Structure formats: C-alpha cells, structure tokens
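Visitor: First, the structure itself, so that you have it in front of you.
The values are calculated or read from the model by the stated rules, or taken from the named source; none is laboratory data. Everything quoted here is computed from the prediction, not taken from an experiment. Cβ placement follows ideal geometry from the backbone for every residue including glycine, while neighbour counts extend to all protein chains displayed. Side chains are part of the model used for accessible areas, which takes the heavy atoms of the whole protein and leaves out ligands, DNA and RNA. Shrake-Rupley method; radii C 1.70, N 1.55, O 1.52, S 1.80 Å.
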Amino acid sequence: MADSPLLPRRGPSRSTWLRARKARPQLILSRRPRRRLGALRWCGRRRLRRRLLQTQAAGADWREGGCLASRAAAARRPKTAAPNPASSPTPSPAPAADPDSSYLATLPIPPVRPAGPGRALVLLPLEQGFTFSGICRVTCLYGQVQVFGFTISQGQPAQDVFSTYTHTRLAITAVHYSVSEKNKKEMKREARILLKPHLNKDDRCWLMKNFSPLCSIVMLEHLKTSTVNFIISHPGLSYVFVQESPTFQINSEYFALRSVGIKREKKKNGLRLTESALSAMEELVSVSCEEVDGCPIILVCGAQDVGKSTFNRSLINQLLNSISCVDYLECDLGQTEFTPPGCISLLNITEPVLGPPFTHQRTPQKMVYYGKISCKNNCENYIEMVKYVFSSYKRESPLIINTMGWVSDNGLLLLIDLIRLLSPSHVVQFSSGRSKYMPNLTPDYVDDMDGLYTKSKSKIRNRGFHLPEFTENLDFVDEEKESPVVFTGHKLMCVQSDFTFRKTPRNRDSHNKVLRDLAVLGYLGQLQPPVPKPLSPLHSLTPYQVPFNAVALRIIHADVAPTHILYAVNASWVGLCKILDDVRGYANGPILLAQTPICDCLGFGICRGIDMEKRLYHILTPVPPEELRNVNCLLVGAVSVPQCVFKSQRGLEGTIPYITTDYNFKLPGASEKIGARETEKADEEKLPPRPRRCRKTN
C-alpha cells in the first residue's frame, strides 16, 4: 500500500480566531495578543502569574469567567455534528430549570441595574445578600430587607448605611415577609404599582422580567453628609469610605455602583455572627419584648477584639425592630460608641445604628468626661463616675451595658465590681481562641470572688443579697426608693467568637488611635453646614468668647504648674462641663480646681486661642448656645485633637498656627510622660506628642 502524501498543516482560519476571541473570558489582562504558555519565557510566565494573582485578589474570578464565557459561546455555536456516544459518558438528567430564573442564571446574584445618576437598583432573591463597601442611602421599594439586624420594609423611610473599610463590611439581605394568598401575576401587579412613582418604564420592565416570588427590590442612592465630607477632606482619610483598586471587569454594574459611591464585595468580607451569638441575640430580643419581669439589663463583656461592639450594634438594631427605644450605658473609655473617647455616658437610642462610631455621634442623656482612655491607675474615680451616670437610668426600656476589654488581673476584679453595682439580668460573655483565658462569670463565681473594691458575699439559694456600700449613693426613681435594692443574680450567656481581625498585638494601639481620631473628627463634623453647602475650615469658623472668670479649669491627666496652665489649655480638646459650685464670684482668672469633679459634661470643643489682653478663651464647639449657658468648667484630659486637624489648615499662608519644631518637652504637662499624676506610668498608653502650644491666636 502506497504511503499517503503528507498534507501541509493548515493554520487557523479567521473564523476560528473570532470564535476563540468570543469564547475567552471577559477579563482582559493586557492589550497585547495572548501567547501560548509554552512560548513564554520564564520572566513572562512569572509576570502572567502575578497578574492572575492580583486579579483574583481584586475580586475577579478569571476561572469562573472563562467557564461562563465558554458556556455562552457554546450555546451560540451551531451544531455541526452529533457527538460520539462512545467518547463521552451519558449525562445524568438535569433538573428542570425554572423559566423565570433562566435569565437570572446569566446575571450576577443579585443583579444590579443603573437607574439614573447616582442611583442603582438591586433585585434580591429570597435570602440572598448584597455585600458592599462605601456609603449609600438604602430604600426598600418592594419586599423586606435587613441591614445589620435592622429590618427595612417597603414604605418605610430610607436609611443611611455606612460600610467602611475600618470595620466589617455590611450586607443588604432579602428576608422572608408575609404575603396574602396571591399568585405571581397579582404580586407583579402590586409591585408594578409600588414601583411606578420611583422608576421609569424601562426600569420597571427590567424588574418585572426578572421578578420572582418573595424577592425584594432595593434602591441605592448616592449619599454625602457634612460629617463624611469633613473626614475625607483630611489627607489620608479618604480610604475610610472608598478604596480604588484595579478593576478588570468593567460593565454596566461597575459604573452603576461607582455612581452611587459603593463597590461590591465578596461575601466572606461581610458580617458573620456565630450560632451562639445569634442564639443569645434571639433570646435577648424575646426577653426584652415580653415585659414580664421588667426591662432587662444586659451587660456585654469579654477581652479585646472579640466582637462586643458589633454584637451591641446588631442587638440594638434588632431590638428597634420590636420596641421604640433602647438605653445604652457606655463604660468603655477607649472605644466609645456614640461619643468622643474618654467618656462614660447614658443614651436613649431611637434610630438604628448602621455604621461605625464616627458616623453616628449623638448627644447623651447623661455624660461624664473621664479624660483618659484607660482607668488602670484610677479605678476608684471610674467606679464613682459609673455610679453617677447609672443613677439617671429610669428603667423604662432595656439597657445594654458596654464594658472595657481589660479583663485580666485588676480588670477582672473591676468587672466583678461593675456586675455587683449594675445588677444586670443577663451577662453576655464573649470568648475566643485568640483571646486570653477568662473564667465564666456565673452568679456563684461573682458571689464568691472579691472585687477590686467589694468583698465576696454568701448568697442563699433563691434569695437576693443587699449591697449597702453601693446602693446608699444611688438615686433611683421615687417608687424604687421605698424598698431596698435586691440583686437576684444574673443569667450567663456564653458566646464563642470567630471574628477575623486585622488587629494584632503589634498594631492594635495604632489602629485604635486611628478610630479614636475618627470619632473626634466625626464630632467636629457637626460644625459644618449641611450638604450641599461647601465645607468651612475650622480656622474660618467664629468661636465663642468665654471670660476667664466665667469658667473653672482642671487638667485631668497631669500635674501642671499654674504658670503653664494656659499653655496646656490652648489648642486642646476640652470638655464643657457643669459643676455645682458657683464660680462667678472671682474678679479675674483663670480659676483653677484642686480636684477633678464628677459632673455633667454637656459636650466638647477646641480652645482655638487665648486672648491675654481681654482675658478670653476662644472656644469652638457644636454645642448649641442654650446649653453653653450652663457651662462653668473646662476639663482638659489626655484625649487630644487629631494631628491632621493642625496639619491640614487650608487657605493659610506662611507659618501654620500651632505647628512648630521649637517645642520644649521639659515643661510640666508638655507630654504624657512628664508631669503624669499617676505613679504607674508603665501601664499608661504611650501617645505621640502633640504638635501645638507655641502660638496663641485670637
């Protein structure tokens, strides 16, 4: 048999290349033509591998994209020949596909559609979530969704949601809602009527085409507030709300979310609560709504970075779904929730908490300025302040108590004192495999252990115990003064936490300081005019003039010589307080206090200048004038004005006020290390020196 002639190998035709181009993934790594992996040199393979890893880290799954594109191309390719049954196994019968979900199968879940400038529509199937980063205004047009535990139903007002990079990303999740016995056609008709005032015809048709029973439709709108604008106006802080990352898949969804000011995130970056946390939260909500045994007092404790604050926010939101208000007692000095740091406060919360602390600074019902972020060296004064603030609790709504993450050594004993003092009905104790060991704070353990200032007391079963050393100074409402306070113990609820944290023992202090600075900036953002008015630099705002003889002064955290007291006050963060003593009898000033008073704090401000000729303090504060009339004391603590406020004073020429390199650190009170009142300086948190004090302005 003659050998058959060897036919020349035919190269790929143009149509073959076109089909391959259409079938390739939508992810484009480079504008250069793709090469075979075998033709690449070692450096080219390394570069390609680095691009793929960067792409995968940015959130684009190039493998999944390739599979989807291949399947889409295969669906469009006409059949030329029947497949060989011997070479391919018999496929198993696939389940019948829902005709309504055939189009959704080719869209991202949940699908997003632009709805005009700064607006986007999200169609959420039941129990599906949309995790995102950024800030936006969320309106539920149809159905019911849940954000951070708070339920938003159709017809309710829009909510401002802040999903920042400093905390866990938030998600909008469609939840089950009750519907009457209606078929799909009737449900579509109802949804079309609800959507008509908000959307145009094309958007309504797109939603009706992808409509499924029990789905939810959400409108996301661009959001800008004066506080957010003030924070991002400082260099280096814009990353808190928006982070630009390389995007390899640019489509209509990308532009729609970008116009809103948000970005889709992976589900694993969102908030995840453990089963024990969800179970404890469900029980606490049920107990708070029953009102059989009175309003519960819930104390949340645990080590640092175990999720106490996240649990508190979610619990507040879930309680607000059923009741009108929740009381909140802040006992954590370093990481406060609704006030600047260094405060012990009592608040009445009536609105959901949908963001980190620096996005919801609020006016407390009662507040005391401790002046430091830790009480390790003056726990007695801390206990007295907690008693003073707790005495204003009226027991008309559930109370959530947030405690410090200091649960070792004296911190544990101080926590036992707080439990005896506040008499909670439920103690939620967090623990984690990454945190230090903490014994279970059962009623028997608390009863048998000596606290830092209290002694252990034996308790007879089914009977309470009386604490005269604490209760004699508490001022309760009239109907509770007649009978002694009886503490019947508490129910311990152990919660296992598995949060993934960015904080490590090495960077925890710097990370917490950033959060404290953001809280101060969030408070100062109240000075700005409402949107859309432009921002006003702090040095351009008109301060209040306060005479020397109208207020008393006290430096909380250090001993300062009287001759240097005004240097310590100038350009400082000051607490505006009200003491019972009358200070109007002094002719001149300044008036100095010998001891730190336990008094009401009405707000905070910056002493932006001191006029020595007219003997006036220049105070910049968002506290309204009617409240400022009651201020007669200025307290200066270790909480300082963020350095970015001094460094970013725009519109100034020449020397920037309060910024200098000629600073004398040997002056008493010039730094936290020198002039400190406490002897145990090693336990104090070391803060960087403050760039100020050298210049006085009017």
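Visitor: Magnitude of the Cβ-charge dipole of segment 105-209, K/R +1 and D/E -1, about the Cα centre, nearest 20 debye?
Guide: On the way: 14 positive and 7 negative charges, 89 e Å.
Using only the charged Cβ atoms, the result is roughly 420 debye.
Visitor: Given labels modelled 7 Å from the Cα in the Cβ direction, how far is it in nm from Ala561 to Arg650?
Guide: Taking the simple label geometry, Ala561 and Arg650 are separated by 4.1 nm.
Visitor: Please give, to one decimal in nm, the separation of the simple spin-label points placed at Gln128 and Cys494, each 7 Å out from Cα toward the Cβ.
Guide: 4.0 nm
Visitor: Could you list the GluC sites (Glu not before Pro) in segment 525-634 that lie in coil according to DSSP, counting only those with at most 15 other Cβ atoms within 10 Å of their Cβ? Write out the running numbers ahead of the final one.
Guide: Details: sites: Glu613, Glu626, Glu627; in loops: Glu613.
Answer by residue number: Glu613.
Visitor: Take peptides 559-571, 294-306 and line them up by average Cβ neighbours within 10 Å, highest first, as a rough protection proxy. Don't skip to the answer; put the middle values down first.
Guide: On the way: 559-571: 17.5, 294-306: 21.9.
So the peptides 559-571, 294-306, ranked by packing, come out 294-306, 559-571.
Visitor: Taking amide hydrogens as modeled 1.01 Å from N in the peptide plane, which residues meet the under 5 Å criterion relative to Ser572, leaving out close sequence neighbours?
Guide: Cys607
Visitor: What is the sum of charges, Lys and Arg at +1 and Asp and Glu at -1, for the other residues whose Cβ falls under 14 Å from the Cβ of Ala550? Before the final figure, lay out each step's value.
Guide: Numbers: positive: Lys578, Arg584, Lys614, Arg615, Arg629; negative: Asp581, Asp582, Asp611.
Net charge around Ala550: +2.
Visitor: So the label point goes 7 Å from the Cα of Lys267 along Cα→C-beta, right? Which residues of segment 184-222 then have their backbone N under 18 Å from it?
Guide: What the label zone holds, given the 18 Å backbone N cut-off, is 215-216.
Visitor: In square angstrom, what is the accessible area per residue of segment 312-443 with a 1.4 angstrom probe?
Guide: On the way: 3790 Å² over 132 residues.
Heavy-atom SASA per residue in segment 312-443 reads 29 Å².
Visitor: Only Lys, Arg, Asp and Glu count, each charged at its Cβ (+1, +1, -1, -1), so figure out the dipole size of segment 225-307 about its Cα centre, rounded to 20 debye.
Guide: So the magnitude is around 760 debye.
Visitor: Moving on. If you filter segment 571-640 for chymotrypsin sites (Phe, Trp or Tyr not before Pro), then keep DSSP loop positions with at most 15 other Cβ within 10 Å, what is left? If you can, show how the numbers build up before the last one.
Guide: Working: sites: Trp573, Tyr586, Phe604, Tyr617; in loops: Tyr586.
Within segment 571-640, the qualifying chymotrypsin sites (Phe, Trp or Tyr not before Pro) (loop, at most 15 other Cβ atoms within 10 Å) are Tyr586.
Visitor: Of all accessible surface on segment 136-225 at a 1.4 Å probe, what whole percent is carbon and sulfur?
Guide: On the way: 2050 of 4080 Å².
The nonpolar share, carbon plus sulfur, comes to 50 percent.
Visitor: Could you give me the ³J(HN,Hα) list for segment 441-449, computed from phi with Karplus coefficients 6.51, -1.76, 1.60 and θ = phi - 60°, whole Hz, x at Gly and Pro?
Guide: Per-residue couplings from phi come out as 8, 6, x, 5, 5, 5, 6, 8, 9 Hz.
Visitor: In segment 504-569, what percent of the accessible surface is made up of carbon and sulfur (1.4 Å probe, ligands and nucleic acids excluded)?
Guide: On the way: 1810 of 3140 Å².
Ligands and nucleic acids excluded, carbon and sulfur give 57 percent.
Visitor: Report, in listed order, any pair from Lys491/Lys578; Lys372/Lys647; Lys308/Lys394; Lys267/Lys372 with a Cα-Cα distance greater than 27 Å. Present the calculation step by step, with values, prior to reporting the outcome.
Guide: Working: Lys491/Lys578 38 Å; Lys372/Lys647 24 Å; Lys308/Lys394 24 Å; Lys267/Lys372 38 Å.
Violating the 27 Å limit, Cα to Cα: Lys491/Lys578; Lys267/Lys372.
Visitor: With each label point set 7 Å from Cα along the Cα-Cβ vector, what nm distance links Asp611 and Tyr177?
Guide: 5.8 nm
Visitor: Per residue, how large is the accessible surface of segment 541-597? Use a 1.4 angstrom probe and give square angstrom. Walk me through the intermediate numbers first.
Guide: Details: 2800 Å² over 57 residues.
Ligands and nucleic acids excluded, the result is 49 Å² per residue.
Visitor: Sticking with this structure for a sec: What number comes out for accessible area per residue over segment 135-248 if the probe is 1.4 Å? Units Å², please. Intermediate results must be reported in sequence, preceding the final value.
Guide: Values: 5160 Å² over 114 residues.
Normalised by residue count, the accessible surface of segment 135-248 is 45 Å².
Visitor: At R0 = 30 Å, how high is the FRET efficiency between Asp448 and Ser279 if r is their beta carbon distance? Nearest 0.05 is fine. Each step should come with its number before you reach the end.
Guide: Working: r = 28 Å, r/R0 = 0.92.
With R0 = 30 Å, the Cβ-Cβ based efficiency is 0.60.
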